[in-house]
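Colleague: The following block contains the structure, expressed as structure tokens.
Each reported figure results from applying straightforward, stated rules to the coordinates on display, with no laboratory input. From a predicted model like this one, the values you see are computed outputs, not experimental measurements. Glycine also receives a Cβ, built like all others from the backbone with ideal geometry; neighbour counts cover every protein chain displayed.
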Amino acid sequence: MENLDVNRRMIQVHKDRVVVGFPQAQTKNARIDEKYDFDPRVRQSCASERASTVGLKICKMIIIGDMAVGKTCLVNRFCKKAFDRDYKATIGVDFEVERFEILNTPFTLQMWDTAGQERFQCIASAYYRGAQVVVIVFDVSEMRSLASAQSWLEAAQKENAGSQLLTFLVGTKKDLVTDAIYRDVEHEAIKVAKGLHAEYWGVSSKTGENVKELFTRIAALSFEGAVLRELEKRQFATPPKTIGSSSFRIGSTSTQASSKQKLACCKM
């Protein structure tokens, strides 16, 4: 446990980045799990003496979607608690890091905010590789941006062939539409999310509505997945080869046989 205590002292996180309970989905009919708590194996691993072997977890998350849908504003609202009305196009990729403490274990979420403009796609797509989480962003006030969600996911899957991607579909700029319009948008977005095997969230970077809850949910689910993968690897890992007592017995036997041969030669 000493190693874990050292890790905690080295990495200080803000109190709103400390996760003890299991964060729930925004809507029941647009979630990617049916759980209401962390997997018991994850809780046990983080609470036991073996927690020191869990170590520092790092997850790569890519944020993708059409130009001007609010990807950078979403990241800035969560990381910097700021909202900038002036649109500045992302050139290539921007990068942010947020540190959490989940079940008393350090966890780092790397956020790769990628450009939505087509001319930057050859640059941005190179940063898709190695992602564990994909956040597809669209503008709830511009439904055409929802129509391209499938192609964005396919681009991410192409760079991560064979990997299971934790996927979220996020509608931004919720503050720009009326409640009645948003209900219609949400209905369509949930249908798209189910087709993508994604979890849907509606947020407002301007007001901060659901932003913290979204990223906390992403962090918790990706942390749980990382711990379960490590436990599975440990379970099926091949034990290291060691020199057993039988090897020594074999050695002893051959030594004894050699001694007997020498003795026989001497008697002759």
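Colleague: Where a ≥ b ≥ c are the square roots of the eigenvalues of the C-alpha gyration tensor, would you call segment 147-228 rounded, which needs a/c under 1.5, or, failing that, prolate if a/b is larger than b/c, or oblate?
Modeller: Oblate.
Colleague: Shifting gears a bit: Taking other Cβ within 10 Å of each residue's Cβ, how do Arg85, Arg43 sort, fewest first?
Modeller: Fewest to most other Cβ atoms nearby, the residues stand as Arg85, Arg43.
Colleague: In nm², what is the average projected area of the convex hull enclosing the Cα atoms of segment 122-184?
Modeller: Average projection, Cα convex hull of segment 122-184: 4.9 nm².
Colleague: Here's another thing I want to ask about it. Sorted from fewest to most neighbouring beta carbons within 10 Å, what does the list Cys79, Cys73 look like?
Modeller: Ranking Cys79, Cys73 by Cβ neighbours within 10 Å, fewest first, gives Cys79, Cys73.
Colleague: Let me ask another. Would you mind checking which residues have amide H under 5 Å from Phe22's amide H? H placed 1.01 Å from N; only 5 or more apart, or other chain.
Modeller: It is Phe38, by chain and number.
Colleague: Which listed residue (Ala82, Ser204, Leu146) has the Cα farthest towards the positive end of the charge dipole for segment 2-236, taking +1 on Lys and Arg C-beta and -1 on Asp and Glu C-beta about the Cα centre?
Modeller: Most positive-ward Cα: Ala82.
Colleague: Under unit Cβ charges (Lys, Arg +1; Asp, Glu -1), what dipole magnitude, rounded to 20 debye, does segment 2-236 have relative to its Cα centre?
Modeller: It works out to roughly 360 debye.
Colleague: Using only the Cα atoms of segment 2-236, what semi-axes does the equivalent ellipsoid have when each is the square root of 5 times a gyration tensor eigenvalue? Give whole Å, largest first.
Modeller: Value: 30, 19, 18 Å, ordered largest first.
Colleague: Just list whichever of Lys191/Lys233; Lys212/Lys233; Lys28/Lys174; Lys57/Lys80; Lys35/Lys233 have alpha carbons separated by over 29 Å in the model shown.
Modeller: Going by Cα-Cα distance, Lys191/Lys233; Lys212/Lys233 fall outside the 29 Å limit.
Colleague: Which whole-number percent is the relative contact order of segment 121-214 (Cα, under 8 Å, 6+ apart)?
Modeller: 29
Colleague: Right, another one. Mind listing the long-range amide H neighbours of Glu199? Cut-off is under 5 Å, sequence gap 5 or more, other chains count too, H placed in the peptide plane at 1.01 Å from N.
Modeller: Result for Glu199 returns Thr167, Phe168, Leu169.
Colleague: Separate question: Along the charge dipole of segment 2-236, Cβ charges K/R +1 and D/E -1, which of Ile32, Met111, Val42 sits furthest on the positive end?
Modeller: Val42
Colleague: When only Cα pairs under 8 Å and 6 or more residues apart are kept, what is the percent relative contact order across segment 2-236?
Modeller: Relative contact order comes out at 25 percent.
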